[in-house]
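The values are calculated or read from the model by the stated rules, or taken from the named source; none is laboratory data. Computed from a predicted structure; not experimentally measured. Cβ placement follows ideal geometry from the backbone for every residue including glycine, while neighbour counts extend to all protein chains displayed. With ligands, DNA and RNA removed, areas are computed over all heavy atoms of the protein, side chains included. Shrake-Rupley method; radii C 1.70, N 1.55, O 1.52, S 1.80 Å.
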Amino acid sequence: MIYIDMFVFIYALLLGSFLNVAAIRLLKKESVSFPPSHCPTCKNKLNVFDLVPVFSYLFLRGKCRYCKQRISALYPFGELLTAFTIFLVYKEIGWTLELIPALLLTVLLLLSVLTDIREKLILDIITFPMLGLLVLIRYFIGTEPFMHYLLGGVVGFSLLLIIAIVSKGGMGGGDIKLYAAIGVGLGPLLTIMSLVLASFAGAIAGVFLLLTGKVKRQEPIPFAPFIFIGTILSFLYGNEIFQWYISFY
Ligand SMILES: [Zn+2]
């Protein structure tokens, strides 16, 4: 088992490396597969030793081998976030069919975090195909009937739309569409829980960032990282969280 775990973790690191590139190139409306990986500053083509997740960054001390330009710490961040999240999802869900929608939703969330923290954008070109795929997969795979997941999509979309209208643009269109996909992955109840947890996490981080002066009051902070936290927690531990919550009554 330990070998399979190691294999999953290493594969997830490589996936993280790919998601970084995909996020950056889709933001720039470039092809994901061409040209091959290169330094954004000096355009030198990167060799295999420059592309080892995390280790290349550490070994090169965060600088390009050729032009010594600083490499963004978002690269190892994206790789490690992907590796640990995919590994956690795999350990919690195990080798069941449910792992397929879980991984798909996780990849969508990771890409949303990576584009949102870079450019404060959640891209339709990522969300729409993933939403379509999730609907298709939920038709075949799920512990609940298909309608349950479709209803989840409607609930996720509607809730965020209402928040966007009430807050007069405090929530972007990208968040609304992302929550439609989350709804299809989670079903209605866990979607609501995901939103509650995301709001809590966002509020705590917001207060912290204001107090430490890291952001100004009117400055929007990307919400995708909190959607990510809320959704992963409700997907993996929703029942436990719900049991814990009703134990107070
Ligand atoms: Zn360079």
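Please pick out the residue among LEU178, LEU209, LEU195 that is in a helix (DSSP H, G or I), open to solvent by 40 Å² or more (accessible area, probe 1.4 Å) and out of contact with any Asp or Glu (no Cβ under 8 Å at 6 or more places or on another chain).
Only one candidate qualifies: LEU209.
Counting the residues of region 26-44 that are without any contact (Cβ under 8 Å) to a residue 12 or more places away in the chain, farther than 22 Å from LEU15 by Cβ and within 15 Å of the ligand (Cβ to nearest atom) gives 1. Does ARG65 fit the bill of being free of Cβ contacts under 8 Å to residues at least 60 places away in the same chain, of a type in the set (D, E, K, R) and exposed (fewer than 15 other Cβ atoms within 10 Å of the Cβ)? Judged against the criteria, ARG65 is not a match.
Identify, please: which residue in region 17-47 is among the charged types (D, E, K, R), under 19 Å from ILE117 (Cα atoms) and in a loop (DSSP other than H, G, I, E, B) and is, among those, most open to solvent (accessible area, probe 1.4 Å)?
LYS29
Okay, residues lined up against (1) open to solvent by 10 Å² or more (accessible area, probe 1.4 Å); (2) within 27 Å of LEU46 (Cα to Cα):
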| site | (1), (2) |
| --- | --- |
| ALA83 | no, yes |
| LEU105 | no, no |
| LEU114 | no, yes |
| GLY142 | yes, no |
| MET147 | yes, no |
| VAL154 | yes, no |
| ILE162 | yes, no |
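A Cβ distance below 9 Å, combined with a sequence gap of six or more or placement on separate chains, defines the contacts here; from region 97-111, residues that are over 16 Å from LEU178 (Cβ atoms) and modelled with pLDDT of 95 or more reach residues that are of a type in the set (A, V, I, L, M, F, W, C) and in a loop (DSSP other than H, G, I, E, B) in the pairs LEU97/ILE141; GLU98/ILE141; ILE100/ILE141. Just one of (1) within 14 Å of ALA224 (Cβ to Cβ); (2) among the acidic types (Asp, Glu); (3) open to solvent by less than 60 Å² (accessible area, probe 1.4 Å) fails for GLU79. It is (1). Filtering region 48-90 to residues that are among the charged types (D, E, K, R), within 18 Å of ILE10 (Cβ to Cβ) and either in a strand (DSSP E or B) or within 16 Å of the ligand (Cβ to nearest atom) (or both) leaves only ASP50.
Going through region 122-140 one residue at a time, which ones are open to solvent by 80 Å² or more (accessible area, probe 1.4 Å) and closer than 15 Å to LEU19 by Cα?
Answer for region 122-140, where residues must be open to solvent by 80 Å² or more (accessible area, probe 1.4 Å) and closer than 15 Å to LEU19 by Cα: just ILE125.
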